[in-house]
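The values are calculated or read from the model by the stated rules, or taken from the named source; none is laboratory data. Keep in mind that what you see is a predicted model, and the values were worked out from it rather than measured. Counting neighbours? That spans all protein chains shown, and the Cβs are built from the backbone with ideal geometry, glycine included.
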Amino acid sequence: MREPFDTESYYHVYNRGVDKRTIFCGEQDFRRFYESMYLFNDQTYFHAGGNSIEKDIRLSAHEVLSDDRKPLVRIVAYCLMRNHFHLLLQQCVEEGISKFLHRVGMGYAKYFNLKYDRTGSLFESQFNAKPAQSEAHFQWLPRYIHMNALDGTEIAWRDDGKLDWTRGHAVLDAYPWSSHHFYSTDEQELPLVDEKIVRTWFPTGEVYRRYLELSPSPGDGEDQWNQAIPVTK
């Protein structure tokens with residue numbers, strides 16, 4: 001049985017498709033999950049639903065952009081990949097992380113199964129969650145999460161940690177489904193990522209991008225965070 005999450009603590013949360021299957025088949029799927037992370041991150045959210053597939057798939061602008069919100073979690077970083085996702089979350093209320101992941105996962109799985117005429121589980125049975133072990137670990141996690149977007153390219157960042165950062169930045173900047181863009185530019189389509197937390201650690205996009213380059217932890221695995229170079233603000 002999973003240990004309860006500590007409210008106000010930070011967790012690296014990740015999950016993937018069952019049998020490592022693709023869970024995002026195209027841009028519409030990525031967008032649906034992205035919008036769901038905002039829409040369902042509200043203790044007071046209620047959606048009556050509807051009988052048609054069109055209503056089930058569509059998110060209305062009124063629902064998405066409502067200002068009267070009580071978040072379950074604070075989203076610090078995210079990266080959506082074709083068969084898995086990574087999130088860095090701070091729990092705001094008791095059971096906030098579990099409720100948030102349940103809402104997003106169930107809602108997206110229902111959408112996906114309707115759209116692609118399938119049945120059964122879409123995600124592995126239980127998401128994984130690891131707490132940030134220290135301030136240095138917390139500071140390093142957005143880097144690790146964002147750099148997942150380099151997977152599938154010729155940039156072998158997991159092998160030796162050595163990057164041509166001209167190419168590395170180009171790939172990260174071009175990938176639309178991570179919070180790297182907000183860290184770099186302060187711009188995001190929906191107010192999804194918590195600006196206050198991000199800018200406490202990375203006051204500007206320049207500071208963030210410098211941190212990416214100065215912390216090439218060999219292998220860049222989850223156990224390499226303690227080799228990262230602290231942020232110079």
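Quick notes on this one:
- Residue within the range 66-77 that is under 19 Å from HIS181 (Cβ atoms), at pLDDT 95 or above and touching a His at 6+ places or on another chain (Cβ under 8 Å) present: yes
- Of all the listed residues (ASP42, ASP56, ASP29), the sole one being at pLDDT 85 or above and either in the same structural domain as ILE145 (by TED's automatic domain parsing) or touching a Phe, Trp or Tyr at 6+ places or on another chain (Cβ under 9 Å) (or both) is ASP29.
- Of all the listed residues (ALA109, ALA129), the sole one being within 15 Å of the chain's Cα centre (by Cα) and crowded, with 16+ Cβ neighbours inside 10 Å is ALA129.
- Tabulated pairs, the range 178-193, first without any contact (Cβ under 8 Å) to a residue 60 or more places away in the chain, second of a type in the set (D, E, K, R) and in a loop (DSSP other than H, G, I, E, B), C-beta under 8 angstrom, 6+ apart or interchain: HIS181/GLU187
- Set THR204, THR185, THR232: member being surrounded by fewer than 18 Cβ atoms within 10 Å (Cβ to Cβ), at pLDDT below 95 and not assigned by TED's automatic domain parsing to the domain that holds ASN41: THR232
- Of all residues in the range 159-167, none are in contact (Cβ under 8 Å) with a residue 12 or more places away in the chain, surrounded by 15 or more Cβ atoms within 10 Å (Cβ to Cβ) and within 28 Å of ASP29 (Cβ to Cβ).
- Tabulated pairs, the range 68-86, first in the same structural domain as ASP29 (by TED's automatic domain parsing), second among the charged types (D, E, K, R) and in a strand (DSSP E or B), C-beta under 9 angstrom, 6+ apart or interchain: MET81/ARG16; ASN83/ARG16; HIS84/ARG16; PHE85/ARG16
- Residue selected from the range 84-120 under the condition among the polar types (S, T, N, Q) and more than 16 Å from VAL13 (Cβ to Cβ), by the criterion modelled with the highest pLDDT: ASN113
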